[in-house]
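The values are calculated or read from the model by the stated rules, or taken from the named source; none is laboratory data. The structure presented is a predicted model; accordingly, all values stated were derived computationally and were not measured. Quick reminder, even Gly has a Cβ in these numbers, built from the backbone with ideal geometry, and neighbours come from all protein chains shown.
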Amino acid sequence: MLSFHRAATVTLCSSLLVLLATVARADPWPAWRGPTGQGHCREKNLPTKWSATENVKWTIALPDAGNSTPIVWGDKIFLTQATENGKKRSLYCLSRQDGTKLWEKTVVFDGAETIHKTNTYCAASPVTDGERVVVFYGSAGMYCYDFAGNELWKKDFGPCDHIWGSAASPVIHGDLVIHNFGPHTKSFLVALKKTDGREVWRSGEYTGANDFGTWSTPVVANTGSRTELVMSGPGQVKGYDPATGEELWSSRGLEKEGGKDRLTYSSPLVSEKYVFAAAGYNGAAIALKTGGRGDITDSHRLFRIPKNPQRIGSGVIIGDHVYVVNEPGVACIELKTGKQRWDKPIPGGSWSSLVHAEGKLYLTSQRAETFVFAANPNDYEEIAVNKLDGAIMRASIVPSDGEWFLRTYKHLWCISPK
């Protein structure tokens, strides 16, 4: 009998260890655009086909419209949600097992804040380091919570008001929370201590009106010789030391012809060899060689395309090519020359950002369709088109541990063949 109990105990412990190991192996998606902030996922064998009835693990209704993308850490999903026309701004912690709400933290904001009819309040995604979750609520400020939902700190930057609203998401790098505050009449990059919200540095300040602004989430990347914070701003792209906020380099070229409408929506893309940045509102796109200092407009710029289709979503760099999201579709550009290799219209257009996994690219359309195609610079090679119920989808697709999470305007979906 003793041997039986001992064997049962060993079996139970082994099962628990397997379960814990499974949870521990779950690849997190801790920020908007994932661990690198650039849409790359290391996972293999992610599902490529689904529908509103096929490979759906669960779906839950959301109380109001939303554009923000969820993040995933272990067995938890974090999602921002505005209700009552932005008066209430909330962070939801959900179970990834079935979408059950584990807790909700809500901030009440009674002030006035402008947004465009196509945008929503709480458009920024949360960010986590596995211990704390940081959210930005526009004029309502920035808040930090632990995984139990306890408020750790908050920071009031003042009004964040623009005709098209706000959207940039905070970034965690080491012991810092870095954020592109704006757009507003006065905007800036700021770094806070992630443990207590204390301001460490502020840089890149600029002033502007409604035709001047950036909604870009900065990217921290290794460019071979150093780690840089790269930021697409109004009319230019810059590199900073993420520890101090010191400006390392800058390049002009994102300004629209004529000098007006300096608006940048997408995030920069960075590899060891290249930096790619694109303005919105039919603005320019540029590519740079990495490694420069000072004004590198003439010394490091590879090309400038003066006018492009509207670009809101962010693309990915793979090798010597960049796959970019145009509001009408997706295109591939050669980074050495600026030559466009192909261009593919997407029915309904896209505001979301690309995700790359195992040689495949995933892009959601505004009609809640996900286009899956090969990362092939020679031609658009479609693998699948997957339709979900929901008239509007502007959030990006999120992978984690073999599953996809997709937010339509009124629902959150978990796609899993398991």
- Are there any pairs with C-beta distances below 9 angstrom linking a residue in region 219-240 that is aromatic (Phe, Trp, Tyr) to a residue that is outside any strand (DSSP E or B), with the two at least 6 apart or on different chains, and if so which? Tyr240/Pro218; Tyr240/Glu246
- Message: Please go through (1) assigned to a strand (DSSP E or B); (2) at negative phi for Gly204 and return the number of the only condition it doesn't satisfy.
- Response: (2)
- Do any strands (runs of 3 or more DSSP E) entirely within region 157-199 hold 3 or more residues that are touching a Lys or Arg at 6+ places or on another chain (Cβ under 7 Å) and either crowded, with 24+ Cβ neighbours inside 10 Å or not assigned by TED's automatic domain parsing to the domain that holds Phe136 (or both), and if so, which? 186-193
- Message: Looking at region 280-296, can you tell me whether even one residue there is without any contact (Cβ under 8 Å) to a residue 24 or more places away in the chain and small (Gly, Ala, Ser)?
- Response: no
- Query: among the hydroxyl-bearing types (Ser, Thr, Tyr), surrounded by 15 or more Cβ atoms within 10 Å (Cβ to Cβ) and either modelled with pLDDT under 95 or over 22 Å from the mean Cα position of the chain (by Cα) (or both) - does that describe any residue in region 241-252?
  - Reply: yes
- Note on the structure: Counted residues in region 107-150 being part of a strand (DSSP E or B) and surrounded by fewer than 14 Cβ atoms within 10 Å (Cβ to Cβ) come to 2
- Taking into account only those residues within region 387-418 that are under 15 Å from Thr120 (Cβ atoms) and of a type in the set (Lys, Arg), which is surrounded by the fewest Cβ atoms within 10 Å (Cβ to Cβ)? Lys410
- Message: I need the full set of residues from region 81-104 which are charged (D, E, K, R) and either surrounded by 15 or more Cβ atoms within 10 Å (Cβ to Cβ) or not in a strand (DSSP E or B) (or both), in order please.
- Response: Glu84, Lys87, Lys88, Arg89, Arg96, Asp98
- Note on the structure: Scanning region 281-317 residue by residue, those farther than 24 Å from Ser396 by Cα, touching an Asp or Glu at 6+ places or on another chain (Cβ under 7 Å) and either aromatic (Phe, Trp, Tyr) or at pLDDT 95 or above (or both) turn out to be Thr290
- Message: I'd like to know if region 228-239 contains one or more residues that are among the polar types (S, T, N, Q), in a strand (DSSP E or B) and closer than 21 Å to Gly39 by Cβ.
- Response: yes
- Looking at region 207-236, which of its residues are at pLDDT below 85 and surrounded by fewer than 19 Cβ atoms within 10 Å (Cβ to Cβ)? Thr207, Ala209, Asn210, Asp211, Gly224, Ser225
- Inspect region 343-353 for any residue being closer than 26 Å to Leu229 by Cα and of a type in the set (Phe, Trp, Tyr) and give the result as yes or no. yes
- Only one residue in Ile305, Ile296, Ile312 is within 26 Å of the chain's Cα centre (by Cα), buried (at least 17 other Cβ atoms within 10 Å of the Cβ) and among the β-branched types (Val, Ile, Thr), so which one is that? Ile312
- Any idea which residue in region 275-292 is nearest to Gly338 (Cα to Cα), counting only those that are surrounded by fewer than 22 Cβ atoms within 10 Å (Cβ to Cβ) and either in contact with a Leu (Cβ under 6 Å, 6 or more places away or on another chain) or of a type in the set (Val, Ile, Thr) (or both)? Ala284
